[in-house]
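Just so you know, all these numbers are worked out from the coordinates, no wet-lab data involved. Just so we're clear, the structure is a prediction, and the values are computed from it rather than from any experiment. Counting neighbours? That spans all protein chains shown, and the Cβs are built from the backbone with ideal geometry, glycine included.
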Amino acid sequence: MDAYGTGSGTRQGPDGPGRRHSADAGAPGGAGTAGTGAEAPSGPPGAEPPVRAGAEAVVPVGEATGAGQPPGGLGADPAAAGAPRTPPAAVDAGPAGTAGPPAGVAALPARYQIVAACALALAAVVVCVHLGMLFLHVAPPNTLTERHGDAVDEWIYPEFEQNWKLFAPDPLQQNIAVQVRAEVSTADGGVRTTGWYDLSAEDGRAIDGDPLPSHTRQNQLRRAWDFYVATHDSRDRPVGLRGALAETYLRRIAVLRLERNGAAGPGGVVERVQFRSRTTSVPPPAWSDEKVSARPVHRVLPWWGVPAEETGESREAEGGAR
């Protein structure tokens with residue numbers, strides 16, 4: 001039997017080879033297979049005879065061989081038929097497991113890394129020493145403070161002085177108003193004395209209503225005055241080396257505040273300053289039986305001369321603060 005089914009048992013239809021019929025319809029004249037007694041149906045000339053139920057399916061030769069389809073059949077690779085293929089986009093993922101370039105301190109050369117590590121270690125040591133000194137300053141008296149109290153005081157005063165004690169707070173019990181006035185040489189060669197400037201009231205107005213008041217406004221003047229009182233006797237004579245330091249500190253604050261208020265005027269220079277204070281006791285609560293005097297106590301300090309270099313420094317400090 002050849003590829004076109006032209007062997008025995010195959011009838012050539014009017015369309016030529018390509019239709020294969022069952023063996024029971026192969027007799028001339030349309031006679032059926034023996035034993036069936038069925039007559040082959042007739043049809044118009046040139047029409048193909050129908051296929052009986054149960055007969056083998058007839059498939060055109062062209063369809064059986066895939067004629068009329070692209071080479072390779074359905075779903076074949078277009079490249080096999082000569083169609084151009086678009087290559088996939090190349091993705092450069094880099095070498096597998098390669099990390100990015102180092103950043104931060106790790107990107108520095110080795111010698112700079114050593115310098116940075118030493119600087120961090122030094123800063124950590126300074127912070128630890130400072131915290132230790134603060135703890136000893138506010139802690140109750142103990143063996144360390146008795147043996148190294150001078151070293152602790154040198155580290156703390158005056159910049160880091162604390163107004164409280166660990167396990168034993170010491171709240172303020174007095175209201176102290178600090179005022180200052182100045183003797184000014186004017187631009188025309190004259191000398192005049194200013195009125196009293198209430199520095200404590202200025203700080204109070206700056207703090208009032210401020211949810212985050214400045215630490216300088218709250219404590220600088222008050223702690224400077226306490227420092228002066230603690231290092232001077234009743235005749236305003238300094239006691240020890242810290243007395244002279246307290247006087248210089250308070251005088252510089254006065255010059256800075258006076259220049260900020262424009263006390264000297266255009267072309268004027270502050271030559272001398274004088275302080276005075278008014279101290280009143282904080283009244284006890286209503287439920288307390290404690291009795292305190294409501295009479296204010298005044299203290300007037302002598303005139304202090306202002307060196308020319310301090311006036312220049314105060315102007316530079318004021319400009320830097322602005």
Principal axis dimensions, region 106-157 - Cα atoms, whole angstrom, descending | 49, 18, 15
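If r is the Cβ-Cβ distance from residue 226 to residue 120 and R0 is 45 Å, what FRET efficiency results, to the nearest 0.05?
0.75
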Run the quick spin-label model on residue 129 and residue 233: label points 7 Å from Cα toward the beta carbon, then report their separation in nm to one decimal.
-> 3.6
Spin-label point model (7 Å from Cα, Cβ direction): what's the residue 164 to residue 276 distance in nm?
-> 3.5
Take region 178-322, compute every pairwise Cα distance, and split them into 10 Å bins from 0; I just need the percent in each bin.
-> 10, 35, 34, 15, 4, 1, 0
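In the neighborhood of residue 144, defined by Cβ-to-Cβ distances under 14 Å, what is the net charge if each Lys or Arg adds +1 and each Asp or Glu adds -1?
Details: positive: 147; negative: 146, 150, 153.
Charge balance in the 14 Å sphere: -2.
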Restrict the search to region 204-274; then list the trypsin sites (Lys or Arg not before Pro) that DSSP places in a loop and that have at most 13 other Cβ atoms within 10 Å of their Cβ.
-> 235
